[in-house]
Amino acid sequence: MEIQDRLLTWYRENRRDLPWRKDKDPYKIWVSEIMLQQTRVETVIPYFNRFVEQFPTLQHLAEAEEDEVYKAWEGLGYYSRIRNLHSAVKEVQSSYGGYVPYEPKKMARLKGVGPYTLGAVLSIAYDQKLPAVDGNVMRVLSRLFVLTDDIAKPKTRKKIEQLALQLIPEEAPGDFNQALMELGATICVPSSPRCLLCPLQQACQGLATGQHDELPIKTKNKAPLKQKMVFLLIRDQNKLWVEKRPDTGLLAGFWSLPTIERDKGESAIDAAIRWGELHGILLRNGRQVGELEHIFTHRHWNIEVLEMDYLGIENMYNENISLWTYEKFSNSTLANVYRKALKFI
């Protein structure tokens with residue numbers, strides 16, 4: 001078909017030289033696809049190179065300690081991605097002899113592997129005819145065929161996956177999927193698409209009807225929930241009290257400065273004392289030493305950093321609360337928001 005031929009020819013002549021495209025190692029492709037979720041290519045490249053240098057095979061990653069893996073990921077954010085990937089490669093190592101499964105049903109059962117990751121890894125690494133529909137692909141196909149369905153809805157993604165599957169050629173399905181993604185990333189961009197350079201301009205119904213600038217249709221995401229947060233600096237001689245965040249939820253499982261969300265009408269100092277009472281740590285006389293703002297996907301934190309006077313402990317035993325030196329804390333794997341707070345310590 002003309003669309004497939006034109007797109008594949010364009011891709012092979014114009015594709016970017018990216019490190020995960022140098023071979024068809026399914027492990028490296030998998031790592032790259034997880035890194036690229038919600039992160040720009042330019043940001044991912046140095047992280048990918050360092051990561052595969054440190055963990056060159058799936059076995060290396062599966063056998064690595066959690067803290068070591070998280071430290072290698074530090075700065076990329078969205079840490080649930082690496083938790084799921086680490087868990088999944090351990091399962092591949094134990095259940096499939098260290099080989100990324102070829103069978104879609106087996107791959108789909110792995111933690112963190114959704115329809116896009118499944119299609120991308122298996123089509124690129126194993127030449128399987130499976131769709132890999134990300135935001136770039138939804139935008140390209142919405143414009144190409146004037147699809148007016150809201151791409152924020154799951155049923156629209158499924159519809160576009162079926163359309164993409166019909167377009168994928170028997171030969172080089174991985175190249176075709178990458179070509180669609182590459183077109184969306186470099187030519188068919190969200191605003192001011194470069195239509196004159198597009199290999200599919202003659203086939204594009206959106207361009208022909210003048211609707212290309214209006215597509216795709218997407219309902220706006222809700223604004224992140226604003227929260228008033230307090231970070232605590234509690235010093236015991238030359239050490240800091242730190243806490244481990246819960247195993248589920250935002251920044252799950254990471255060590256951090258003690259963190260409290262203020263109740264409505266509650267002062268930052270009252271919130272700090274409340275935290276201390278909850279954990280059996282006696283505090284008083286808070287002083288603000290800094291302010292921070294940090295926006296997550298669904299949360300917008302306005303943060304006061306307080307230094308509190310530490311009076312001692314009272315009936316405290318909690319394995320998720322600990323005394324660390326500054327060096328240990330600063331050298332641990334920290335989410336970006338806590339890395340920002342280091343300047344106040």
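Quick look at the numbers
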quantity: Nearest 10 degrees, 0 to 90: helix 80-95 Cα axis against the chain principal axis; calculated: 70
quantity: Semi-axis lengths (Å, descending) of the ellipsoid that matches the C-alpha gyration tensor of the chain; calculated: 45, 25, 16
quantity: Residue order, fewest to most surrounding Cβ atoms within 10 angstrom, among SER322, SER192; calculated: SER192, SER322
quantity: Candidates per chymotrypsin sites (Phe, Trp or Tyr not before Pro) in the stretch 268-345, loop by DSSP, up to 13 other Cβ within 10 Å; calculated: TYR317
quantity: Filtered trypsin sites (Lys or Arg not before Pro), the stretch 258-345: DSSP coil and at most 10 other beta carbons within 10 Å; calculated: LYS264
quantity: Contour minus Cα-Cα distance for ASP263 and THR297 (0.36 nm per residue); calculated: 10.1 nm
quantity: ARG299 long-range amide H proximity, modeled H, under 5 Å; calculated: LEU225
quantity: GLN211/SER95 FRET efficiency (R0 35 Å; Cβ-Cβ; nearest 0.05); calculated: 0.15
quantity: Label point distance in nm, TYR326-LEU18, each placed 7 Å from Cα along Cα→Cβ; calculated: 4.1
quantity: Net charge contributed by nearby residues that have their C-beta within less than 14 Å of SER191 (K/R +1, D/E -1); calculated: +2
quantity: Ranking of GLU63, GLU170 by count of other Cβ atoms within 10 Å, fewest first; calculated: GLU170, GLU63
quantity: Relative contact order of the chain, defined on C-alpha pairs under 8 angstrom at six or more residues apart (%); calculated: 15
quantity: Within the stretch 321-341: backbone nitrogen closer than 16 Å to the ASP236 label point (7 Å, Cα to C-beta); calculated: 321-329
quantity: Helix axis angle, 268-279 relative to the chain longest principal axis, alpha carbon, degrees; calculated: 80
quantity: Volume per residue that the Cα convex hull of the stretch 1-67 spans, once the total is divided by residue count, Å³; calculated: 116
quantity: Point-to-point label distance, ASP270-LEU282, nm (Cα→Cβ direction, 7 Å offset); calculated: 2.3
quantity: ASP150/ASP309 FRET efficiency (R0 35 Å; Cβ-Cβ; nearest 0.05); calculated: 0.05
quantity: LYS222/SER192 FRET efficiency (R0 30 Å; Cβ-Cβ; nearest 0.05); calculated: 0.65
quantity: With Cα atoms, 0 to 90° folded angle of helix 154-167 axis to the chain main axis; calculated: 40
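Since every read-out is calculated from the coordinates, none of them should be taken as a lab result. Predicted, not measured: the structure shown is a model, and the values here were computed from it. Here Cβ is always computed from backbone atoms with ideal geometry, including for glycine, and neighbour counts include all displayed protein chains.
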